[in-house]
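Report on one structure; see the data block that follows.
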Amino acid sequence: MIEFDEQKKRLVLKLVYYGPALSGKTTNLLCLHDLLTKEGRGDLMMLDTKDDRTIYFDLLPFFLKTPSGLKIKVKVYTVPGQVRHDATRKAVLQRADGVAFIADSQATEARNNSTSFDNLETNLSLVGLNIERIPLVVQYNKRDLDDIIDEANIRRVWDPTGIPVYLTSALKGWGVLESFADLARQTYHSIDKRYDLAGRHGLSSSEFVSRLTTRS
Amino acid sequence: MAKTPTHSNGKREDNLFFVVGDEKKLTELMTCQEVAPLLQGIIQAGACYAVIVDDNSIRLWDHGRPETNRATCQVSKGLFLEGEEVAAIMVQGVQDNTPLIQGLASLAQTTLQGLAQNNLKLMLTTELHTSVVNLSQEELLAVNAKLTASEARYRELAASLKKTVEQRSAALKKAHSRLLQQEKMMAVGQLAAGVAHEINNPLGFIASNLRTLAKYIDRYRQLISALQQATATLPAEGQEPLQALSKKLKIAFIDEDLQELLGQSEEGCHRIKKIVADLKGFSHIDDGETTATDINIELERTLNVLTAQIPEGCRVSKDFAPLPSLLCQPALLCQVFVNIITNALQARKQGLHLKLSTQKSHNTITIEISDNGPGIPPHLVNRVFEPFFTTREVGEGTGMGMAVAYDIITAMAGTIKIDSSEDRGTTVTIRLPLKV
Ligand SMILES: Nc1nc2c(ncn2[C@@H]2O[C@H](COP(=O)(O)OP(=O)(O)O)[C@@H](O)[C@H]2O)c(=O)[nH]1
Ligand SMILES: [Mg+2]
């Protein structure tokens, strides 16, 4: 949570797209930007990308108001994937309310995926967040390519963890919205207990999700 | 900056002081120096008032003055930051300008949002950079150069927008003034054509009747002188009653006066004809085209047409040098002269001295029109060529006369300037190049 201000009736949430370099995090946000309605959605801000590689971060913001008048901003960030930008990753991960881990489905990337996931675990705990509790989805991206790790393999690894896994292609737009909606739903439930969004603010889970995922 | 959570093992990590995601206010993202030129541009383009208010209706920046007297239109556009409407730009103008105001509001919205977005990007990058990223000096320089370039692009955009708006509004005003002037001249032309027609017909038969009358009178006189010769041979008592009658009827005086009456009438006719010709010539209903023009004649004509406006006791001096004819549109020149002379004639009510002079140097014709009026205050002299500028009471002048004059003379590759001082009155000097 970036900010909650009772008086200003303002809640600012942070969702982070994490993962190894070039797995498709920026493409995910581009895809959301293209698919979703302009209503309540800001522009995609890409901070200085160098040769396709994010050295800072990307940001796609959303804004909505509950019937009670609570203003909710949802800021969706990507992190730079390269190992050397760990400091930036931590700064982005600070106070995150939910994480989408974008893995690269290509068989050759298996190692990078697991290194990056380890890094996520470490950094979450460094910034005081618990990977067991934080809303989390995993994307196996680039499903449109040929030489990719097969689904059975993925299931065998991830199903025991209970973390929802999406097979996506950010390039083709497959599964991008679904995984984002899942992350939004989980995030809603994790803060609803504390802020009573449904009771006090008249915002239901499905309303929250649909406001963030209305197609243009 | 947010509070830093303590690492689980109790050690504080320096780079964890920084949290990405702090909310920024619009006032942090835009400075007055950035916003002011845009708002100024909006006012210059024809709006009365432009204001940016935040979501609590608090005024952040404004320019111009709200219009309270005339019917207005107001166009408000939201300013969005990260999808949230954080402020609004409101542009107000007179109702007649509604499409312009709408256009300006949209233009301002786009520019301001672009500015905010770019500054936000700049700020986030700088923050993150100074707080977290450890790039090499080279990389840092490259990044900064890139950011400066994109920032410069926005500044350029804002500046060129201002310029475009200014140019467009100037062009609009010019077109507007030309239209008005054209309308006026068309009305004058039509009037002149009508008047010329109405006057020329009766004038034609009066003149021709006068000539006939002179002929007839001549015949009577021949008869009378023949009769006089015939009666001279009569005896004295026969002549007497005729001489008495002739004396009673003052025939000798009539004979003499007739000549004068006829002469005066003919001269009157001639003058009317000339006035009509001037009127026609002035409005140039016959020749709206480019022709070889004698500027002295055009000045003379203009003065004749304006006769009714010359105040009583006004002294008009003319000092015309012989001029070669100039290839131009005399109708336009007449407009210029009317506009300037009309101003001069209004300079003072009593003791006005209007001076018109023309001169020729080897390739320039210089025309000077001056009055001995109270002059134009120094701080206003430079503004008299602005469209809609007037020192007169509202309704007395359109404030366009000098702007139109400037426009026309400039189009003829000439120059026009004003010298004015309180003790010497005002002199307008026009220089026109003679084509070689
Ligand atoms: N074939 C394919 N290519 C993808 C997909 N998603 C991303 N890419 C490509 O992978 C490269 C890196 O993507 P990007 O989103 O910049 O990766 P990031 O470093 O995680 O932000 C780009 O060339 C993308 O076009 C996908 O689903 N399928
Ligand atoms: Mg990226």
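How far, in nm, would the chain grow between A:Arg194 and A:Lys8 when pulled straight, counting 0.36 nm per residue and subtracting the alpha carbon separation? Before the final figure, lay out each step's value.
Working: separation 186, 0.36 × 186 = 66.96 nm, distance 1.75 nm.
Value of the extension gain: 65.2 nm.
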Notebook entry, point to check: Given q = 0.22 Å⁻¹, what are the Debye log10 I(q)/I(0) values for the range A:96-142, with equal point scatterers placed on the Cα positions and solvent ignored?
Noted result: -0.76
Next item on the list: Just need the Rg to Rh number for the range B:288-433, please, alpha carbons only, Kirkwood Rh.
Entry: 0.94
Notebook entry, point to check: So which of B:Lys25/B:Lys121; A:Lys75/B:Lys77; A:Lys14/B:Lys25; B:Lys273/B:Lys435; A:Lys9/A:Lys193; A:Lys25/A:Lys172 end up more than 22 Å apart, counting from Cα to Cα?
Noted result: A:Lys75/B:Lys77; B:Lys273/B:Lys435
Checklist line | B:Ile409 accessible area, 1.4 Å probe, all protein chains in place, Å² to nearest 10 | finding: 0 Å²
Notebook entry, point to check: What would the Debye formula give as log10 I(q)/I(0) at q = 0.14, 0.18, 0.25, 0.30 Å⁻¹ for the alpha-carbon point model of the range B:294-353, no solvent?
Noted result: -0.42, -0.66, -1.09, -1.34
Checklist line | Low-density loop positions, trypsin sites (Lys or Arg not before Pro), the range A:1-80 - DSSP coil, at most 16 other Cβ in 10 Å | finding: A:Lys8, A:Lys9, A:Lys38
Check: Lys/Arg Cβ at +1, Asp/Glu Cβ at -1, dipole of the range A:114-216 taken about the Cα centre: which of A:Gly175, A:Gly202, A:Phe117 is farthest positive-ward?
Finding: A:Gly202
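Compute the length gained on full extension between B:Gln40 and B:Asp255: take 0.36 nm times their separation in residues and subtract their Cα-Cα distance, giving the result in nm to one decimal.
Details: separation 215, 0.36 × 215 = 77.40 nm, distance 8.00 nm.
Residue separation times 0.36 nm, minus the Cα-Cα distance, leaves 69.4 nm.
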Checklist line | chain A: proportion of alpha-carbon pairs further apart than 20 angstrom, % | finding: 56 percent
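Hey, got the average number of other protein chain Cβ atoms within 10 angstrom for residues in A:87-99?
Working: counts 10, 9, 2, 7, 12, 6, 3, 9, 6, 3, 0, 0, 0.
What the average comes to for A:87-99 is 5.
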Notebook entry, point to check: Given a 1.4 Å probe and no ligands, DNA or RNA in the count, how much accessible surface is buried by B and A, both sides, to the nearest 100 Å²?
Noted result: 3000 Å²
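The values are calculated or read from the model by the stated rules, or taken from the named source; none is laboratory data. Because the structure is predicted, anything quoted here is derived from the model rather than measured. With ideal geometry, Cβ positions are generated from the backbone for all residues, glycine too; neighbour counts draw on all protein chains shown. These area figures cover heavy atoms from the full protein model, side chains too; ligands, DNA and RNA do not enter into them. Shrake-Rupley method; radii C 1.70, N 1.55, O 1.52, S 1.80 Å.
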